[in-house]
Amino acid sequence: MAAAAHCGPRRSRGAPVTWRRPGDGGAMAEEERALLGPDGGDGGSAGSPRALPAVCDPSRLPHRLLVLALMCFLGFGSCFCYDNPAALQTQVQGDMKVNTARFMALYAWYSWPNVVLCFFGGFLIDRVFGIRLGTVIFSIFVCVGQVIFALGALLNAFWLMEVGRFIFGIGGESLAVAQNTYAVSWFKGKELNLVFGLQLSMARIGSTVNMNIMGWIYSRVQDLLKHTGHTTLGLALLIGGITCLFSLACALILAYLDKRAEKLLCKEQGKTGEVIKLTDVKNFSLSLWLIFVICVCYYAAVFPFIGLGKVFFIEKFQFSSQEASAINSVVYIISAPMSPIFGILVDKIGKNIIWVLCAVVTTLASHIMLAFTFWNPWIAMCLLGVAYSLLACALWPMVAFVVPEHQLGTAYGFMQSIQNLGLAVISIAAGMILDTRGYLFLEVFFSACVSLSLVAVVMLYFVNHLTGGDLNWSAKKREKLQKVAANEAEEQERLRRQNEDDLAKLQPKDDDFSLRNKYLSRLGAQLPDNYSSYLSTMAHRSMLK
């Protein structure tokens, strides 16, 4: 491989990386001098080996923790700015003079490009850009999209804000794919679950900080300019865009560290491993289609609700703007610590369908409470936060249980694609319902979406039971059967190799040997059984059965 051909210093397993000055004074020598400093050796003579500091050694924990921090902050800016409209709903509608339907179109424009890009994000990273360049390009899309979104407000051009959200969406979802690819490249085995959990938690923290700080930023800009209006909104959005620049800086540093680790450790550049074949869709099982329905109907009742939640809490429960922002962000606040915990719990216990059923029922109860009661909304929102965290940990892994490994890329790509399609359509529909019918009908609409999800979960339970599926197995049963399957596969492989060896003994040695046997057979000479071509053919057929 190219990486192996240009390897830097060799290292023993578990030992820190050491460097020696090559005598040719090439590029590697220059990098060595930069790492070792001016006292690292002289001229062309070989300097004494010197260990890198732990934070600079890609094989050691401090350096990998630094990389993990950069991975987590890589998606911080995107998650922070995604919900800028929700944090500033009253300001956007008032300053830009748009109704709720046009306001919710800002979320729809984010989702539209990802109806297609979910299929090709992994391909672009693997085959076109590479993980390092791809991550930087997607981060630039996020930054440019946020800047155009803010400029649209500054220029009082709502159509330009929509263009900005579209460009922002091109980078946002694909950046998440790149983030996961980096994680798989740097961390393996049991570490990976923890890393994914930390990345998800950081994303939720970004959304939470946005919900609670963007209103304050708008107020400070308003005090500075001494008036409100689209200019104030645009400046506030530009300030929020600083988080995207921060994430772009993380992408650049991460690209450098990954390139450096590739030289030092002779590691390959990370790849998504996704294989997308649209023809696989026709082979999807009924269980998988029901999982898709659950996904679309459930998330359609969560993200659009959060997008419209701030004004809902202000109007129905007479909350202040700050209080409404706080309660609207509680779903993300709960999700940050609970997602890793629920992930471990589901892994240990199994029974994925039961967990999904509990999450959907809890979500339906929270929406009914918000729609038909005046109970303290913190209760309903906390329940929604717990249910949202639980469903993500139980639903998405089920795809791997019902789809062959070679179809996983297509299945997950299709699932994300229809999720974004559903979010785009439901966001616009929710805005129209709110403009014409009010919040009560909107909550009934969200409850109906969750009810459809509940029906799909019940159907999935019975379909899985009738077809003998493994979606609701306990973790112990699944682990036991996986061991049995692995042993059977190993035994079949052993028998296959033994049969190949036996066939090799039965086959004629070469063409001349075969012709000699035929000649002797015509003369009436008695041949051993294993020299008979007829018997050899029969033996071959019997071993194929």
Task: Residues listed by number, segment 414-448, amide nitrogen under 18 Å from Phe317 label point at 7 Å toward C-beta - done: 439-444, 446-447
- [ ] Select from segment 401-491 those chymotrypsin sites (Phe, Trp or Tyr not before Pro) which occupy a DSSP coil region and have at most 16 other Cβ atoms within 10 Å, ordered by residue number.
- [x] none
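In debye, nearest 20: dipole of segment 358-487 around its Cα centre with unit charges on the Cβ of K, R (+) and D, E (-)?
The dipole of segment 358-487 has a size of about 420 debye.
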Open item on the list: With a 1.4 Å probe and all protein chains kept in place, how much accessible area does Glu491 have, in Å² rounded to the nearest 10?
Closed with: 80
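How much accessible area per residue does segment 315-355 have, counting only protein heavy atoms and a probe of 1.4 Å, in square angstrom?
47
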TODO: State the answer as a single residue: which of Leu245, Asn210, Thr231 lies farthest towards the positive end of the charge dipole of segment 209-264, with beta carbon charges of +1 for Lys and Arg and -1 for Asp and Glu, about the Cα centre.
DONE: Leu245
Open item on the list: Which order do you get for Ile242, Ile306, Ile170 if you rank them by accessible area with a 1.4 Å probe, largest at the top?
Closed with: Ile242, Ile170, Ile306
- [ ] Counting other Cβ atoms within 10 Å, keep those with at most 16, restrict to DSSP loop, and tell me which trypsin sites (Lys or Arg not before Pro) in segment 432-504 are left.
- [x] Arg437
Task: Gain upon complete extension [Ile242, Met432; 0.36 nm per residue less C-alpha separation] - done: 65.2 nm
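Rounded, prolate or oblate for segment 298-413? Axes are the square roots of the Cα gyration tensor eigenvalues, ordered a ≥ b ≥ c, and the cut-off for rounded is a/c under 1.5.
It comes out prolate by the Cα gyration axes.
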- [ ] Set the Förster distance to 56 Å, then compute FRET efficiency between Asp223 and Ala400 from the Cβ-Cβ distance, nearest 0.05.
- [x] 0.60
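The values are calculated or read from the model by the stated rules, or taken from the named source; none is laboratory data. Note that the coordinates shown come from a computational prediction; the quantities given were computed from them, not determined experimentally. Counting neighbours? That spans all protein chains shown, and the Cβs are built from the backbone with ideal geometry, glycine included. These area figures cover heavy atoms from the full protein model, side chains too; ligands, DNA and RNA do not enter into them. Shrake-Rupley method; radii C 1.70, N 1.55, O 1.52, S 1.80 Å.
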